[in-house]
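First up is the structure itself, then whatever we jot down about it.
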Amino acid sequence: MTNTERTTALITGANKGLGLEAARRLGALGWTIFLGSRDEGRGKAAAARLADAGIDVIMVPLDVTSDASVTEAARLVGEHTGHLDVLINNAGAPGNAVPPADATADEIHAVYDTNVYGPIRVTHAFLPLLQAAEHPRVVMVSSAAGSFAVVTDPDQPVSKLHELAYSSSKAALNMITVRYAQALPRIRFNAVTPGETANHTFAATDMNHHTGRLTVTEGTDSIVELATAGSDGPTGVFVDRLGPIAW
Ligand SMILES: NC(=O)c1ccc[n+]([C@@H]2O[C@H](COP(=O)([O-])OP(=O)(O)OC[C@H]3O[C@@H](n4cnc5c(N)ncnc54)[C@H](OP(=O)(O)O)[C@@H]3O)[C@@H](O)[C@H]2O)c1
């Protein structure tokens, strides 16, 4: 089957949290949603809920840390469509907030495998489908914790949260976003953070044990904004729902 009419989007880690909410919101626009989930059972349950709400959704088994899984996901999506309009690299791992003195390369590697190598694996595998789209967009779901400006601001709580893996992985993802944007100008590559950086807020999800003060709908505002941006939209920027934030 070839789908050439609807806008198509793949979202990684879309079985819950911000990924699922982004799937719901973009699906409600009439888009075809490829819902990535590393666990088939959780993915099928999430996709069934969206389908019940009238959304055109296809569950795609996708573990971003596995080359084989990502390759198979690209093959599966390619069976349904000849182009991918939007890729949202959302899947993320928080790490264990290990203090820098105790951090090991193994712990950091595991977080990088999801947060850094994952988006590269997925982007690389889906580039042919993205390049076949008229106006392709890639949204990297980063974090304010990956911003040097935020982490070095003593007023930001994250400046006192001592760890290496998560913040440095998102800083790497930010640079990767900029480098893709520069090298591939026909594809809009942007980084977003789901919180309100100026207000020190983030969205309540499992990742933060639901301590966030924003809803998942508010948390996905920046994702939806850049996923739906027009062909004259930005590339190589870093924003939250209130606007651009410093790298
Ligand atoms: N919540 C916030 O305010 C906030 C702030 C800054 C950044 N972020 C970023 O937002 C993104 C989404 O996080 P969230 O808050 O929605 O957390 P969440 O509810 O814990 O969702 C994380 C998602 O990532 C998936 N995932 C983890 N490892 C994966 C892998 N190897 N392959 C595929 N999927 C994987 C999880 O799947 P399972 O269900 O199988 O574990 C889950 O679907 C992350 O990149 C996070 O760093 C969130």
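The values are calculated or read from the model by the stated rules, or taken from the named source; none is laboratory data. Note that the structure is a prediction, hence the values are computed from the model and not measured. Every residue, glycine as well, gets a Cβ built from its backbone with ideal geometry; the counts of neighbours run over all protein chains shown.
How do the pairs read when you match residues in the range 204-221 that are in contact (Cβ under 8 Å) with a residue 60 or more places away in the chain and of a type in the set (G, A, S) with residues anywhere that are in a loop (DSSP other than H, G, I, E, B) and within 7 Å of the ligand (Cβ to nearest atom), using Cβ under 6 Å and keeping only pairs 6 or more apart or on different chains? Pairs found: G219/P194. Report yes if E40 is modelled with pLDDT of 95 or more, more than 29 Å from I187 (Cα to Cα) and either within 15 Å of the ligand (Cβ to nearest atom) or of a type in the set (F, W, Y) (or both), otherwise no. Yes. Considering the range 122-148, the residues that are buried (at least 22 other Cβ atoms within 10 Å of the Cβ) and not aliphatic (A, V, I, L, M) include one that is farthest from E163 (Cα to Cα), namely P136.
So, A9, is that one within 11 Å of the ligand (Cβ to nearest atom) and buried (at least 21 other Cβ atoms within 10 Å of the Cβ) or not?
No, not satisfied.
Is it the case that some residue within the range 174-185 is near the ligand (Cβ under 10 Å from one of its atoms) and on the phi < 0 side of the Ramachandran plot? So far as the range 174-185 goes, no, none of its residues is near the ligand (Cβ under 10 Å from one of its atoms) and on the phi < 0 side of the Ramachandran plot. Any residue at all in the range 222-237 that's at pLDDT 95 or above, farther than 28 Å from H135 by Cβ and surrounded by fewer than 19 Cβ atoms within 10 Å (Cβ to Cβ)? Scanning the range 222-237 turns up no residue that is at pLDDT 95 or above, farther than 28 Å from H135 by Cβ and surrounded by fewer than 19 Cβ atoms within 10 Å (Cβ to Cβ).
The set of residues in the range 159-177 being among the charged types (D, E, K, R) and closer than 22 Å to P244 by Cβ consists of K170 alone.
Of the residues A105, A45, A28, A23, only one is within 14 Å of the ligand (Cβ to nearest atom), over 17 Å from the mean Cα position of the chain (by Cα) and without any contact (Cβ under 8 Å) to a residue 40 or more places away in the chain; which? Of the residues listed, the single one that is within 14 Å of the ligand (Cβ to nearest atom), over 17 Å from the mean Cα position of the chain (by Cα) and without any contact (Cβ under 8 Å) to a residue 40 or more places away in the chain is A45.
Looking only at residues of the range 175-199 that are surrounded by fewer than 20 Cβ atoms within 10 Å (Cβ to Cβ) and not hydrophobic (A, V, I, L, M, F, W, C), we find that the one that is nearest to L214 (Cα to Cα) is N199. Applying the condition of being within 16 Å of the ligand (Cβ to nearest atom) and surrounded by fewer than 19 Cβ atoms within 10 Å (Cβ to Cβ) to the range 70-93 and asking which residue is nearest to A22 (Cα to Cα) yields L76.
Residues of the range 198-208 that are near the ligand (Cβ under 10 Å from one of its atoms) and either farther than 18 Å from G92 by Cα or out of contact with any His (no Cβ under 6 Å at 6 or more places or on another chain) (or both): T201, F202, A203, T205, D206, M207, N208.
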